[in-house]
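The values are calculated or read from the model by the stated rules, or taken from the named source; none is laboratory data. Remember, predicted model here, so these are calculated numbers, not experimental data. As a convention, Cβ positions derive from the backbone with ideal geometry for all residues, glycine included, and neighbour counts pool all protein chains shown. We work out accessible area using only protein heavy atoms, side chains counted, and drop any ligands, DNA or RNA first. Shrake-Rupley method; radii C 1.70, N 1.55, O 1.52, S 1.80 Å.
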Amino acid sequence: MALRGDWVYENNGGTCVAIAGADYTVVAADTRLSAGYNICTRDFSKICTLCGLLPLADNCVLASSGFQGDMKALQNNLSARHHIYYIFVQIYQHQHNKKMSCRAMAQHLSNILYYKRFFPYYTFNILGGLDNEGKGCVYTYDAVGSYERVGYSCQGTGGTLIMPVLDNQLKSPSPLLLAARDAGTPLSESEAVDLVKDVFASATERDIYTGDKLETIIVNAAGIRQEFIDLRKD
């Protein structure tokens, strides 16, 4: 397509981060939307709270980076056909005698992405929430739906700057040295939020596609809380 001159994909920049803890998950993304060296808008949300769009899963949050058009198309795929998904939810609850969990939502999202594998959504997604035991969970995806559960993840143009810091602060020691532990991080909720703010403040100094404002969603047993802070604007 690039040789024919009809390349349809555009990376609109931005960065998403998620950290799972013992009883919480923090999902954050900046609000800058860029095209090349141009800033299209400084107030574009890359985070979608699925429980606010449709009754698929409680306390699930989706953050995406990549092509803005495909981000919206993916969110619409999850929410626009509300009556169809409402029937889907009713069938799921009837078959399993429970509401759709974050783990089931993660598999559902993987199926949607894989269905488009021959002309994929140009998006790189992170799904965060709480599992059936009330523990924080983060699922990270590639463009065609391959995913895994991790303790933390980063997607987007600032990923190469942020991920080494998260590895340094959060990665478990080698299982050859210490016994393996679960995917949750050892930080408290407030420490995780502070770490997210710090890594974004640092990334905006080097990545021109990340900046303006930071939208942070904290998911815990009490529900979903949203916070905003200002980032570098140039």
| said: Taking the conditions exactly as written (in a helix (DSSP H, G or I), modelled with pLDDT of 85 or more and not hydrophobic (A, V, I, L, M, F, W, C)), does Gln107 satisfy them or not? | reply: yes
| task | Pairs only if they're at least six apart or on different chains, beta carbon under 9 angstrom, first in region 138-154 and free of Cβ contacts under 8 Å to residues at least 12 places away in the same chain, second open to solvent by less than 50 Å² (accessible area, probe 1.4 Å); list them, first residue then second. | result | Glu148/Tyr139; Glu148/Thr140; Glu148/Tyr141
| message | Given (1) farther than 24 Å from Lys213 by Cβ; (2) modelled with pLDDT under 90; (3) crowded, with 20+ Cβ neighbours inside 10 Å, identify the lone condition not met by Phe119. | response | (3)
| note | For region 210-234, the count of residues that are over 23 Å from Leu130 (Cα atoms), touching a Leu at 6+ places or on another chain (Cβ under 9 Å) and surrounded by fewer than 13 Cβ atoms within 10 Å (Cβ to Cβ) equals 1
| message | I'd like to check something: does region 192-209 contain any residue that is modelled with pLDDT under 90 and either under 18 Å from the mean Cα position of the chain (by Cα) or open to solvent by 80 Å² or more (accessible area, probe 1.4 Å) (or both)? | response | no
